[in-house]
Amino acid sequence: MPQPTQRVPYGYEPPPSSTRGTLIYYDSFQDTSDGELEQALITMQQMNFSRLVLYPLHEQTVKRMSKESVAPFYQRERRLQDWKQHNAHRAVIIEGWDGKRKKYTPMEAALRTLIDHYESPYFLLMTPEMANQFASFSIFEEWISKISLVLTEEPQQLHPRLSKFSRRWRVAGDTASGRDKNASSDRS
């Protein structure tokens with residue numbers, strides 16, 4: 001069925017979109033509470049992202065990254081689906097690609113897939129522990145130039161690469177300039 005033609009005045013340009021890019025929450029979601037998910041949604045809205053992508057990790061990926069056991073993927077994914085249905089927010093997407101693979105997925109492969117499917121710019125929402133693990137990988141320096149990090153809370157310990165690239169990450173709810181002021185006063 002053909003779409004009706006819209007008429008606009010000569011020289012009309014659509015208003016620029018007030019939202020931009022994708023916030024990707026990369027985590028196992030084993031111990032993530034509803035409050036933390038709500039905080040991720042608030043962060044998405046405060047930073048004007050067009051969507052929040054929840055990327056739960058397969059249990060083999062978690063086991064290889066952190067040596068801890070987690071509930072099966074389908075249980076963690078179902079919990080996220082229930083949370084999403086309860087909030088009824090259409091900008092939240094639960095990415096099940098890691099679960100479809102049913103095996104260990106290197107972080108680089110996951111990031112390439114996410115970048116292929118969602119609009120830029122890309123911000124990766126992570127816990128400080130996950131960010132330290134990401135910084136320990138050899139691919140970190142390549143990817144930190146393509147994406148920015150948003151940490152769920154202020155880290156207690158920083159990996160040296162996170163310190164080196166401190167301008168490429170911020171804490172959710174904080175402004176980057178506020179963190180930089182604190183960081184520079186700590187270094188003095």
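Applying the selection to the range 140-154, what residues are part of a loop (DSSP other than H, G, I, E, B) and crowded, with 22+ Cβ neighbours inside 10 Å?
THR152
Specify which of the listed residues (THR61, THR5) is within 20 Å of the chain's Cα centre (by Cα) and hydroxyl-bearing (Ser, Thr, Tyr).
When all the criteria are applied, what remains is THR61.
Identify all residues within the range 48-76 that are surrounded by 18 or more Cβ atoms within 10 Å (Cβ to Cβ) and not in a helix (DSSP H, G or I); write none if there are none.
If the condition is that a residue be surrounded by 18 or more Cβ atoms within 10 Å (Cβ to Cβ) and not in a helix (DSSP H, G or I), then PHE49, LEU52, VAL53, LEU54, TYR55, PRO56, LEU57, HIS58, VAL70 are the ones that fit.
So in the range 155-180, with the set limited to residues that are of a type in the set (Gly, Ala, Ser) and outside any helix (DSSP H, G or I), which one is modelled with the lowest pLDDT?
Among those residues, the one meeting the criterion is GLY173.
With the checklist (1) at pLDDT 90 or above; (2) more than 19 Å from GLY35 (Cα to Cα) in hand, flag the one item SER69 doesn't pass.
Looking at each condition in turn, SER69 falls short on (1).
Look at the range 16-47 and say how many of its residues are part of a loop (DSSP other than H, G, I, E, B) and of a type in the set (S, T, N, Q).
7
Name the single residue, out of those in the range 20-43 being β-branched (Val, Ile, Thr) and surrounded by 14 or more Cβ atoms within 10 Å (Cβ to Cβ), that is farthest from PRO56 (Cα to Cα).
Applying the filter and picking the extreme gives THR43.
Right, ALA88: at pLDDT 90 or above, aliphatic (A, V, I, L, M) and surrounded by fewer than 16 Cβ atoms within 10 Å (Cβ to Cβ) or not?
No, not satisfied.
Looking at the range 17-71, which of its residues are under 23 Å from ALA135 (Cα atoms) and small (Gly, Ala, Ser)?
Once the filter is applied, which keeps residues that are under 23 Å from ALA135 (Cα atoms) and small (Gly, Ala, Ser), the range 17-71 yields GLY21, SER28, ALA40, SER66, SER69.
For every residue, the table says whether it meets (1) at pLDDT 90 or above; (2) among the aliphatic types (A, V, I, L, M).
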{"site": "PRO2", "(1), (2)": "no, no"}
{"site": "TYR12", "(1), (2)": "no, no"}
{"site": "PRO15", "(1), (2)": "no, no"}
{"site": "LEU23", "(1), (2)": "yes, yes"}
{"site": "TYR26", "(1), (2)": "yes, no"}
{"site": "LEU41", "(1), (2)": "yes, yes"}
{"site": "ARG51", "(1), (2)": "yes, no"}
{"site": "PRO56", "(1), (2)": "yes, no"}
{"site": "VAL62", "(1), (2)": "no, yes"}
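With respect to SER120, is the statement that it is over 15 Å from the mean Cα position of the chain (by Cα) and part of a loop (DSSP other than H, G, I, E, B) true?
Values: over 15 Å from the mean Cα position of the chain (by Cα): no; part of a loop (DSSP other than H, G, I, E, B): yes.
Against the criterion (over 15 Å from the mean Cα position of the chain (by Cα) and part of a loop (DSSP other than H, G, I, E, B)), SER120 does not qualify.
The values are calculated or read from the model by the stated rules, or taken from the named source; none is laboratory data. Treat the numbers as computed from the prediction; the structure is a model and nothing was measured. Please note: Cβ atoms are built from the backbone with ideal geometry, for glycine as well, and neighbour counts cover all protein chains shown.
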